[in-house]
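First the structure, in the form of structure tokens, and then the observations on it.
The values are calculated or read from the model by the stated rules, or taken from the named source; none is laboratory data. This structure is a prediction, so every number in the text was calculated from the model and none was measured. FYI the Cβ positions are ideal-geometry reconstructions off the backbone, even for glycines, and counts take in every protein chain you see.
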Amino acid sequence: MGLGYLIKRVLTMVPVFFAVVTLVFFTIRFAPGGPFDEERRVPPEILENLNKKYHLDEPLYQQYFRYLGALAHFDLGPSFKHSNRTVNEIIAEAFPISFELGTYALIWALIIGLLAGGLAAYKPNSLFDYVPMSISIAGICLPTFVIGPLSILLFGLWMEWLPVAGWDDWPSKVLPSLTLGFAYAAYVSRLTRGGLMEIRNQDFIRTARAKGLKESTILIKHSLRGGLLPVVSYLGPAFAGLLSGALVTETIFNIPGLGRFFIQSALNRDYTVVMGTALLYFTLIFVCNFIVDVLYVVLDPRVRYE
Amino acid sequence: MRTKGTFQFRSLFVAGPLVALLFSLVSFSAQSPAPQVLNWGNGTEVQDLDPHIVSGVPEHHIISELFEGLVTVHPQTLEPLPAQAESWTISKDGKIYTFKIRKDAKWTNGENVTANDFVYSWQRLVDPKTAAKYAYQGYYIKNGEAINKGKIKDLKQLGVKAVDAHTLQVELEAPAPFFLGVLYHYSLYPVHQKTVEKFGQRWTRPENIVSNGPFKLESWQLNKVLTVVKNPVYWDAAKVQLSKVNYWPVEKSDTEEKMFRAGELHVTNEIPLPKIPYWQRSKKDVYQQHPYLGTYYYRLNVTKKPLNDKRVRRALNLSIDREDIVKHVTRAGQIPALSFTPPGTGGFTPEGKLPPKVTPKTIAEAKKLLAEAGYPDGKGLPPIEILYNTLESHKTIAEAIQQMWKKNLGIEVKLFNQEWKVYLATMQTLNYQIARAGWIGDYNDPLTFLDMFITNGGNNETGFSNKEYDKLVRDVKHETNQAKRLKMFQRLEDILMDELPIVPIYTYTRVYLKDPKVAGWYPNVMDYHPLKFVSLK
């Protein structure tokens with residue numbers, strides 16, 4: 001794999017990053033309403049004091065360069081709403097929670113998805129195939145805001161097995177991560193099945209079978225590495241999606257993750273928090289895809305980047 | 001030993017998560033709720049805990065327990081009760097208040113609370129550098145407004161001084177008979193000068209904060225939970241029965257309701273709209289519903305055709321069935337608003353001038369007015385739109401009103417919604433015709449409602465202007481005689497209900513769930529629940 005290619009990828013990210021900074025900065029500023037607009041109108045003199053305090057009275061270009069200057073020092077600025085915290089602090093507190101949630105969700109997705117997909121590919125066109133694949137279709141179709149409340153109702157309120165909300169000990173983490181991971185599990189299972197089925201018809205598998213190897217050995221030893229490639233390439237976007245797309249799950253289960261800050265800050269016009277979270281999400285998506293590209297080369301000898 | 005077995009199971013890999021799940025179930029069910037720990041659903045995450053910075057209701061719930069002002073309120077009657085001040089006297093002209101600060105009032109670090117703390121805090125409130133959103137609560141105090149608006153630079157000119165360490169003298173701009181009630185508002189609570197100056201904006205963090213209320217801050221995780229525990233050095237600590245209060249910021253009322261059903265909350269912030277009839281019907285001991293000091297209404301933009309015509313505004317007001325709306329649309333015991341000020345505000349019950357129900361008579365009158373204005377049967381009427389902020393409940397009400405105007409007056413009204421901040425900006429720039437609005441009183445006096453509609457008032461936002469109205473509002477602020485004040489309030493209501501820059505719809509109710517175990521918690525119009533009176537049975 002060309003090292004040059006990797007460096008090129010990282011370098012192309014820089015202008016894109018600046019484009020994102022600029023785009024988000026000006027888009028959120030041009031949205032009507034400001035961080036201090038409330039139903040109870042703040043008197044103009046007080047609003048002036050507030051704007052001065054947060055440099056919102058300066059011309060926009062000046063604010064933009066002030067932001068860039070701070071960003072160069074990894075300073076994302078103060079939050080307008082949570083006045084005793086900086087954006088760095090908010091992210092440092094909330095992101096590990098989102099990361100944990102996303103990781104568990106990915107683990108669920110892989111365990112359930114690989115098992116279901118493997119089973120289906122092992123005995124295609126049987127009940128082992130139809131049942132998991134039908135469930136996976138349901139998993140893809142049903143949105144989180146249906147699965148979440150249903151699972152709360154079932155496991156939280158009727159069976160009383162698990163807490164209905166929160167993010168504390170083990171039990172409170174089961175339902176949210178399962179809810180979040182379910183749709184991804186469905187995709188993983190279909191990709192697994194598809195990948196394995198495709199491999200089954202390749203020459204080297206036929207050879208293996210001709211040599212009289214057991215079907216399970218063929219599946220585990222010979223098919224998995226090639227058959228899982230689609231799953232691997234899906235993992236990058238999936239993990240980025242799990243990290244940045246958990247806001248619905250976080251809201252339903254009242255989890256203090258970054259997704260909730262992202263939504264709240266946009267609604268509150270908390271400019272600095274919007275910027276901070278958006279930039280973090282952008283970086284995450286880039287990093288996840290980058291790692292997958294690298295992994296792809298490791299797994300598939302046919303792939304070469306120039 | 002269970003651990004070993006678990007490990008063996010885990011090696012099966014597939015069963016791992018399942019076992020972990022079962023294992024955790026065991027540990028979870030072993031937890032038992034501690035006594036005297038109140039779990040309260042507190043709506044949105046609070047901005048901050050600095051009494052001079054914040055501006056919301058969830059903030060009030062916490063700050064009014066962490067800090068204590070000169071007075072507190074009776075949990076049922078809302079009468080002012082001695083708190084940091086053990087007594088007070090009011091001068092004859094109603095402008096000078098002298099408070100005796102109790103000698104055993106202490107900060108959580110053990111220092112005494114003194115009159116100087118209040119002087120510093122109130123100066124800080126009106127200091128333009130603080131940029132306090134509620135600075136106008138300091139405008140009652142002499143020179144408060146002038147200092148906040150930068151007309152007076154010297155903070156010492158503020159009408160508050162420490163006669164000695166335990167005597168605080170306050171001079172008001174004008175007699176405000178409701179001033180003691182205002183003192184319960186967090187903007188007038190004391191803050192600890194040395195702490196504020198040492199830590200700057202970060203002084204309210206759990207590791208820094210010094211406060212003086214019945215509870216003190218233990219921990220605060222954004223969007224998760226904020227915990228306060230009983231403050232042992234609080235002067236009235238013997239009375240405080242709760243040992244701990246957890247404030248859960250739960251924005252989704254569905255989640256909150258499920259947490260309540262699972263026993264994770266004692267009190268919720270609200271109830272999901274579709275669930276109200278269920279709780280109302282079947283769980284009378286937990287369902288809470290009581291009048292709230294607020295009015296839901298529509299603003300009418302009087303600067304634009306056709307609503308610049310008083311007759312059109314009146315016709316619109318006469319042809320909506322308020323009783324129908326509260327019975328069939330909002331369904332949570334709201335009271336049809338026949339005036340702007342909610343009945344009973346600070347002892348004032350306005351004479352309602354609007355019809356609660358639509359009758360053939362009111363429709364005939366409305367149609368006549370519309371015809372007089374040049375729009376017989378709505379013909380020739382420019383298109384009208386109702387603006388509301390995007391929310392299902394506002395939509396249903398707007399649809400009901402749309403139907404009523406169509407049926408009763410034959411006019412077509414369109415609806416459009418905007419995201420919250422966009423909607424606020426649209427209202428401020430008077431870029432609407434009809435807009436949904438709500439107003440919750442800051443204190444229990446009609447003035448908090450009626451002074452909104454002075455010419456160019458920040459919360460007027462209708463373009464309404466009336467000289468007599470402006471003068472009356474100025475005069476009533478200087479009036480101490482309660483009987484005269486009530487008369488003036490009625491006159492203000494009469495002008496408002498004659499000019500009708502608004503369509504009052506209903507008086508708010510507070511609707512939420514409360515565990516029957518919670519004692520000492522009473523319904524009242526301000527929705528104040530001082531926790532020093534609350535306990536768990």
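Checking B:V245 against (1) closer than 15 Å to B:V511 by Cα; (2) away from chain A (no Cβ under 11 Å); (3) buried (at least 21 other Cβ atoms within 10 Å of the Cβ); (4) not polar (S, T, N, Q), which single condition isn't satisfied?
Condition (1) is where B:V245 drops out.
Answer yes or no: is there a residue in the range B:144-155 that is in contact (Cβ under 8 Å) with a residue 24 or more places away in the chain, within 28 Å of A:Y54 (Cβ to Cβ), within 26 Å of the chain's Cα centre (by Cα) and away from every other protein chain (no Cβ under 11 Å).
yes
I'm told A:W161 meets every condition in (1) closer than 22 Å to A:A105 by Cα; (2) of a type outside the set (V, I, T); (3) in contact (Cβ under 8 Å) with a residue 40 or more places away in the chain except one. Can you identify the failing condition by its number?
A:W161 satisfies every listed condition except (3).
So, in the range B:395-425, how many residues would count as being within 14 Å of chain A (Cβ to nearest Cβ) and more than 25 Å from B:L273 (Cβ to Cβ)?
1
Mind checking which residues of the range A:157-188 are farther than 21 Å from A:G257 by Cα and surrounded by fewer than 23 Cβ atoms within 10 Å (Cβ to Cβ)?
A:L157, A:W158, A:M159, A:E160, A:W161, A:Y187 - these are the residues of the range A:157-188 that are farther than 21 Å from A:G257 by Cα and surrounded by fewer than 23 Cβ atoms within 10 Å (Cβ to Cβ).
Hey, does the range B:490-511 have a residue that's more than 30 Å from B:V329 (Cβ to Cβ) and either at pLDDT 95 or above or among the β-branched types (V, I, T) (or both)?
So far as the range B:490-511 goes, yes, one or more of its residues are more than 30 Å from B:V329 (Cβ to Cβ) and either at pLDDT 95 or above or among the β-branched types (V, I, T) (or both).
Is there a residue in the range B:61-83 that is within 15 Å of the chain's Cα centre (by Cα), within 21 Å of B:A131 (Cβ to Cβ) and either in a loop (DSSP other than H, G, I, E, B) or within 12 Å of chain A (Cβ to nearest Cβ) (or both)?
no
What is the number of the single condition among (1) hydrophobic (A, V, I, L, M, F, W, C); (2) outside any loop (DSSP other than H, G, I, E, B); (3) away from every other protein chain (no Cβ under 13 Å); (4) over 30 Å from B:M427 (Cα atoms) that B:L293 does not meet?
With respect to (1) hydrophobic (A, V, I, L, M, F, W, C); (2) outside any loop (DSSP other than H, G, I, E, B); (3) away from every other protein chain (no Cβ under 13 Å); (4) over 30 Å from B:M427 (Cα atoms), B:L293 is out only on (4).
So in the range B:94-129, with the set limited to residues that are among the hydroxyl-bearing types (S, T, Y) and surrounded by 18 or more Cβ atoms within 10 Å (Cβ to Cβ), which one is farthest from the chain's Cα centre (by Cα)?
So the residue we want is B:T114.
Those residues that are farther than 19 Å from A:S172 by Cβ, away from chain B (no Cβ under 14 Å) and touching a helix residue (DSSP H, G or I) at 6+ places or on another chain (Cβ under 6 Å), I need them from the range A:236-267; list them, please.
A:G236, A:A238, A:F239, A:A240, A:L243, A:S244
How about the range A:63-110: which of its residues are assigned to a helix (DSSP H, G or I), of a type outside the set (S, T, N, Q) and without any contact (Cβ under 8 Å) to a residue 40 or more places away in the chain?
A:F65, A:R66, A:G69, A:A70, A:A72, A:E89, A:A92, A:P96
Could you pull out every one of the helices (runs of 4 or more DSSP H) wholly within the range A:189-306 that has 1 or more residues that are in contact (Cβ under 8 Å) with a residue 40 or more places away in the chain and surrounded by 19 or more Cβ atoms within 10 Å (Cβ to Cβ)?
So the answer is A:224-227, A:229-244, A:247-252, A:258-268, A:271-299.
So, restricting to helices (runs of 4 or more DSSP H) that lie completely within the range B:142-253, which ones have at least 3 residues that are of a type in the set (D, E, K, R) and within 21 Å of B:H52 (Cα to Cα)?
B:193-199
Does the range B:128-135 include one or more residues that are in contact (Cβ under 8 Å) with a residue 40 or more places away in the chain and part of a helix (DSSP H, G or I)?
Taking every residue of the range B:128-135 in turn, at least one turns out to be in contact (Cβ under 8 Å) with a residue 40 or more places away in the chain and part of a helix (DSSP H, G or I).
Is it true that A:M13 is at pLDDT 85 or above, touching a helix residue (DSSP H, G or I) at 6+ places or on another chain (Cβ under 8 Å) and within 30 Å of A:Y296 (Cβ to Cβ)?
For A:M13, the condition - at pLDDT 85 or above, touching a helix residue (DSSP H, G or I) at 6+ places or on another chain (Cβ under 8 Å) and within 30 Å of A:Y296 (Cβ to Cβ) - is met.
A quick yes/no check of all residues on (1) under 22 Å from A:L119 (Cα atoms); (2) β-branched (V, I, T):
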| position | (1), (2) |
| --- | --- |
| A:A138 | yes, no |
| A:I147 | no, yes |
| A:F155 | no, no |
| A:V174 | no, yes |
| A:L196 | yes, no |
| A:H222 | yes, no |
| A:S233 | yes, no |
| A:G236 | no, no |
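Looking at B:Y234, B:Y247, which one is closer than 27 Å to B:T195 by Cα, at pLDDT 95 or above and in contact with a His (Cβ under 8 Å, 6 or more places away or on another chain)?
Step by step, each of B:Y234, B:Y247 is checked, and only B:Y247 is closer than 27 Å to B:T195 by Cα, at pLDDT 95 or above and in contact with a His (Cβ under 8 Å, 6 or more places away or on another chain).
Can you give me the number of residues within the range B:104-127 that are under 19 Å from B:I53 (Cα atoms) and either part of a helix (DSSP H, G or I) or among the basic types (K, R) (or both)?
10
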